[in-house]
Amino acid sequence: MVYYKNILESKKQSMMLREYLDKKLKQAGFVDMNLESSPLGTRLNILALRPGLVIGLHGSNVRNLMEDISKEIGLKEISINAAEVQNPALDPKAIALRLSNAYQKGVNFRRAATIAMNEAIAAGALGIEIKLQGKIRNERASFQKFIAGVLPKSGYPREAATKSAVEHVLLKMGVYGIKVTVAYKSPFLEDFKLKGDKIEENKGQQTQ
């Protein structure tokens, strides 16, 4: 019973830490994290688009981050390692963050989504889907969906070969939701065939 309780506490702590880092390291482009436990303490590995902002000048940001995590989350004796995302064109969280930054700079929604999808397919993705939710063109809440390649929609193929991430961005018209789903090439999906460079766009509207 104690064993299962410890597992639940560990998962809860990890979830709280992920949510905390997502807000704390927004400017650094936080993408992912994992914890490694050892007799010497806990090692926190952070993936970000700009790991230099996680580390800071002479490690100043890391030291402050360790103190904050100790106070807010309760993790003691931790060390932090920050690394850059190796292939951001294939990581849904990285794609969502880059789209968020593009929209904040005034880049057209469809243009930004098309560029992101082309980059993902060129990097080796089986397929990609981008959903935008918000006041895109008028005062009514609306959504747009962009699809390139092939994405399994249900069952084990979806669980085995897809990964999703959600990001929110505040613009003049309000809060926008960005959901990115990437499908990866896998032996489980040999029956699927790519549609080349075809890009599909679906539009819809719903009242607030």
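The values are calculated or read from the model by the stated rules, or taken from the named source; none is laboratory data. Just so we're clear, the structure is a prediction, and the values are computed from it rather than from any experiment. Note: ideal-geometry Cβ built from the backbone for every residue, glycine included; neighbour counts use all protein chains shown.
Odds and ends about this structure:
- Ile128, sole failed condition from (1) touching a helix residue (DSSP H, G or I) at 6+ places or on another chain (Cβ under 6 Å); (2) assigned to a helix (DSSP H, G or I): (2)
- Among residues of the stretch 157-172, those that are out of contact with any strand residue (DSSP E or B) (no Cβ under 7 Å at 6 or more places or on another chain), under 19 Å from Ala96 (Cβ atoms) and without any contact (Cβ under 8 Å) to a residue 40 or more places away in the chain, counted: 2
- Qualifying residue in the stretch 143-163 (condition: assigned to a loop (DSSP other than H, G, I, E, B), touching a Leu at 6+ places or on another chain (Cβ under 6 Å) and over 21 Å from Met33 (Cβ atoms)): yes
- Subset of the stretch 36-49 (residues that are surrounded by 14 or more Cβ atoms within 10 Å (Cβ to Cβ) and either without any contact (Cβ under 8 Å) to a residue 24 or more places away in the chain or in the same structural domain as Ala165 (by TED's automatic domain parsing) (or both)): none
- For the stretch 1-94, the helices (runs of 4 or more DSSP H) that sit wholly inside it and include 2 or more residues that are modelled with pLDDT under 90 are 2-24, 60-72.
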